[in-house]
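Read through the structure below, which is laid out as structure tokens, and then see the notes.
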Amino acid sequence: QVQLVESGGDLVQPGGSLRLSCVVSGIHLRTYSMGWYRQAPGSQRESVASITRFGSTNYADFVKGRFAISRDNAKNTVSLQMNSLKPEDTAVYYCNTFPSSWASWGQGTQVTVSS
């Protein structure tokens, strides 16, 4: 059974930084493309960034140049470095396989950007 455990969310001021981590178990991470997603209150879940099993990355326009996704297959971890955070980045952040998020969603990690 696939398990996704996200962590690293926090309350941060605009312009601040956070690093999110997702520990993946139950699959051979190295064989899957992975993504970070987010869901703000009252909004649908959306894709933020993705990384292929070869390490190629892709970003939504609204985070391009500010966020960076990475993976460590040896540690079964996918990370999201978030810089220059904006209030509109406030959401619960999740990781999952990409592009089809077929694994059961984890609990996510709350990111709140506010002064």
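The values are calculated or read from the model by the stated rules, or taken from the named source; none is laboratory data. Nothing here was measured: the structure is a model prediction, and the numbers come from that model. Don't worry about glycine lacking a Cβ; one is built from the backbone with ideal geometry, like all the others, and counts go over all protein chains shown. SASA here: full protein model, heavy atoms, side chains in, ligands and nucleic acids out. Shrake-Rupley method; radii C 1.70, N 1.55, O 1.52, S 1.80 Å.
State all residues of the stretch 50-89 that are touching a strand residue (DSSP E or B) at 6+ places or on another chain (Cβ under 6 Å), polar (S, T, N, Q) and at negative phi; if no residue qualifies, say none.
Across the stretch 50-89, the qualifying residues are Ser50, Thr57, Asn58, Ser70, Thr77, Ser79, Gln81.
Of a type in the set (A, V, I, L, M) and surrounded by fewer than 16 Cβ atoms within 10 Å (Cβ to Cβ) - does that describe any residue in the stretch 97-112?
No, that holds for no residue.
Can you work out which of the residues in the stretch 53-73 that are open to solvent by less than 50 Å² (accessible area, probe 1.4 Å), under 14 Å from the mean Cα position of the chain (by Cα) and without any contact (Cβ under 8 Å) to a residue 40 or more places away in the chain is nearest to Glu88 (Cα to Cα)?
Among those that are open to solvent by less than 50 Å² (accessible area, probe 1.4 Å), under 14 Å from the mean Cα position of the chain (by Cα) and without any contact (Cβ under 8 Å) to a residue 40 or more places away in the chain, it is Val63.
Is it the case, given these coordinates, that Ser56 is more than 19 Å from Gly8 (Cβ to Cβ), modelled with pLDDT of 95 or more and of a type outside the set (D, E, K, R)? Please lay out each step first, then the result.
Working: more than 19 Å from Gly8 (Cβ to Cβ): yes; modelled with pLDDT of 95 or more: yes; of a type outside the set (D, E, K, R): yes.
For Ser56, the condition - more than 19 Å from Gly8 (Cβ to Cβ), modelled with pLDDT of 95 or more and of a type outside the set (D, E, K, R) - is met.
Look at Ser84 and say whether it is touching a Lys or Arg at 6+ places or on another chain (Cβ under 8 Å), at pLDDT 95 or above, open to solvent by 60 Å² or more (accessible area, probe 1.4 Å) and more than 16 Å from Ser25 (Cα to Cα).
Yes: the conditions hold for Ser84.
What pairs can you find where one residue is in the stretch 21-45 and over 13 Å from Trp105 (Cα atoms), the other is charged (D, E, K, R) and open to solvent by 50 Å² or more (accessible area, probe 1.4 Å), and their Cβ atoms are less than 7 Å apart, with a gap of 6+ or different chains?
Here the result reads Arg30/Arg53; Thr31/Arg53; Tyr32/Arg53; Ser33/Arg53, each pair linking the stretch 21-45 to a residue that is charged (D, E, K, R) and open to solvent by 50 Å² or more (accessible area, probe 1.4 Å).
I'd like the residue in the stretch 6-33 that is closer than 15 Å to Trp102 by Cα and aliphatic (A, V, I, L, M) and, out of all such residues, is most open to solvent (accessible area, probe 1.4 Å).
Of everything passing the filter in the stretch 6-33, Ile27 is most open to solvent (accessible area, probe 1.4 Å).
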